[in-house]
Amino acid sequence: MSLATLDPSQHPYLPESSTTLFRAKATKKLTFEQIAQHLGRNEVAAAAIFYGQAKASPEDIQKLSELLGIPHETLEGQLGGFPDRGRTVEMPPKEPLIYRLYEIVQNYGYAYKAVLNEKFGDGIMSAISFSTKVEKETDADGNNWAVITLRGKW
């Protein structure tokens, strides 16, 4: 298992909090799963705070301060505002894994839309009243499969 780290030179649009959080994460040798357990969130939600893509609650700030050894005032100043979502990835994405996720929507987006409209009628899936999770499955041949669940209010 390798830990997710951050090279700020490769992510020039991330907020200051990202560098602060990732440095502390690396120092403490914590996974997003461990951080998420401490926060009482899922690991994607915890990672989204690190990338400035989700708002940290006052409780999140307190728990991150305790877990990562970052002064509360520092985190409160860096995480106390509202996230600026969507700016951090150029389009189309160049990072291969993010590009593959983009490619899935390019190739299957209208199919998803048609099936969702048949099942729910006209509307859209919320990205605000939304949750997601990532799971790992291993098949009988030993191949690993990524299972990504997207759950949005209609």
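Numerical summary
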quantity	calculated
Within segment 10-40, tally of residues that are in a helix (DSSP H, G or I) and either more than 23 Å from Arg85 (Cβ to Cβ) or open to solvent by 90 Å² or more (accessible area, probe 1.4 Å) (or both)	10
Residue, nearest to Lys133 (Cα to Cα), within segment 42-94, restricted to residues that are open to solvent by 30 Å² or more (accessible area, probe 1.4 Å) and of a type in the set (Ser, Thr, Tyr)	Tyr51
For Ile128: the one exception among (1) surrounded by 10 or more Cβ atoms within 10 Å (Cβ to Cβ); (2) under 27 Å from Asp84 (Cβ atoms); (3) among the β-branched types (Val, Ile, Thr)	(1)
Total residues in segment 75-93, condition of a type in the set (A, V, I, L, M, F, W, C) and more than 19 Å from Pro12 (Cα to Cα)	1
Number of the condition not met by Leu39 [criteria: (1) closer than 21 Å to Ala127 by Cβ; (2) touching a helix residue (DSSP H, G or I) at 6+ places or on another chain (Cβ under 7 Å); (3) modelled with pLDDT under 95]	(3)
Output for segment 131-148, where each listed residue is loosely packed, with under 11 Cβ neighbours inside 10 Å and either more than 24 Å from Arg100 (Cβ to Cβ) or β-branched (Val, Ile, Thr) (or both)	Thr138, Ala140, Val147
Some residue of segment 83-92 being of a type in the set (Gly, Ala, Ser), over 17 Å from Thr5 (Cβ atoms) and more than 15 Å from the chain's Cα centre (by Cα)	no
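The values are calculated or read from the model by the stated rules, or taken from the named source; none is laboratory data. The structure presented is a predicted model; accordingly, all values stated were derived computationally and were not measured. Counting neighbours? That spans all protein chains shown, and the Cβs are built from the backbone with ideal geometry, glycine included. Keep in mind that these areas ignore ligands, DNA and RNA; they rest on the heavy atoms of the full protein, side chains included. Shrake-Rupley method; radii C 1.70, N 1.55, O 1.52, S 1.80 Å.
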